[in-house]
Amino acid sequence: MPCVFVRLTGCNLRCTWCDTAYAFHGGNKMSVDEVLARVEELAGRRADGRVAVPLVELTGGEPLLQDEIYPLADKLLAAGYTVLIETSGERSIARLPKDVIKIVDVKCPDSGEANTFLESNLESLRAQDEVKFVISTRRDYEFAREFTKQHGLGDRVKAVLFSPVFADPEGKWQALEPRTMVEWILADGLPVRLGLQLHKFVWHPATKGV
């Protein structure tokens with residue numbers, strides 16, 4: 001769906017397959033109100049005055065490294081936006097407003113950041129939220145499968161996402177073919193969703209701002 005992305009700079013993890021390393025540094029320093037104004041500009045208005053793109057996603061980097069994320073989320077909700085946040089799962093999500101839809105990663109063994117998931121986050125998940133596993137190998141898949149079963153994720157959240165790693169355009173890492181993972185999911189009868197990075201099919205995988 002059309003969505004305004006707010007990408008925050010900085011991340012304390014270094015996943016082996018990270019496709020947004022450009023967000024580790026740089027960016028533009030902006031106040032919460034400046035971000036709100038930019039979201040409003042990008043979202044646009046229909047002829048009847050309604051917001052044309054009412055969906056906003058807060059991402060990074062790791063957005064929960066910045067304390068301003070909390071007033072920003074509050075103000076976006078108050079302005080009538082549907083707000084999502086993508087986070088690594090290493091930071092507590094407990095302070096986020098309850099109406100923010102949380103997409104929480106659990107890092108798999110071959111991410112290079114295994115055992116970083118904060119298990120207390122499981123208690124903060126709501127029925128509207130999602131849990132995501134980015135999967136690069138059969139070992140990652142088996143970890144995600146067992147974690148999903150052990151913690152009853154299918155009963156906790158709206159969706160459990162299994163997302164196969166997309167090949168790096170510069171050849172730094174290989175893809176896990178989506179069909180391969182689909183066959184694993186079907187063989188195990190898992191109630192999970194396949195998560196594909198659709199923008200990488202529509203545009204060149206290295207394209208920014210789409």
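The values are calculated or read from the model by the stated rules, or taken from the named source; none is laboratory data. Computed from a predicted structure; not experimentally measured. Here the Cβ is made from the backbone with ideal geometry for all residues, glycine too, and neighbour counts use every protein chain on show. Calculation scope for accessible area: heavy atoms of the full protein, side chains included, ligands and nucleic acids excluded. Shrake-Rupley method; radii C 1.70, N 1.55, O 1.52, S 1.80 Å.
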Wholly enclosed strands (runs of 3 or more DSSP E) of region 46-105 bearing at least 2 residues in contact (Cβ under 8 Å) with a residue 12 or more places away in the chain, open to solvent by less than 50 Å² (accessible area, probe 1.4 Å) and over 26 Å from TYR22 (Cβ atoms): none
How many of the residues in region 146-175 are farther than 21 Å from ASP19 by Cβ, over 16 Å from the mean Cα position of the chain (by Cα) and open to solvent by less than 40 Å² (accessible area, probe 1.4 Å)? 5
Kindly list, by first and then second residue, each pair from a residue in region 192-210 that is free of Cβ contacts under 8 Å to residues at least 40 places away in the same chain to a residue that is open to solvent by 90 Å² or more (accessible area, probe 1.4 Å) and β-branched (Val, Ile, Thr), limited to pairs with Cβ atoms under 8 Å and residues at least 6 apart or on different chains. VAL210/VAL202
Determine whether PHE117 is modelled with pLDDT of 95 or more and in a loop (DSSP other than H, G, I, E, B). yes
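Inspect region 1-21 for any residue being crowded, with 16+ Cβ neighbours inside 10 Å, of a type in the set (Asp, Glu) and at pLDDT below 95 and give the result as yes or no.
Yes; the residues of region 1-21 include at least one that is crowded, with 16+ Cβ neighbours inside 10 Å, of a type in the set (Asp, Glu) and at pLDDT below 95.
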Got at least one residue in region 124-132 being more than 16 Å from the chain's Cα centre (by Cα) and either open to solvent by less than 40 Å² (accessible area, probe 1.4 Å) or β-branched (Val, Ile, Thr) (or both)? yes
Quick check on GLU34: is it of a type in the set (D, E, K, R), out of contact with any helix residue (DSSP H, G or I) (no Cβ under 7 Å at 6 or more places or on another chain) and open to solvent by less than 80 Å² (accessible area, probe 1.4 Å)? no
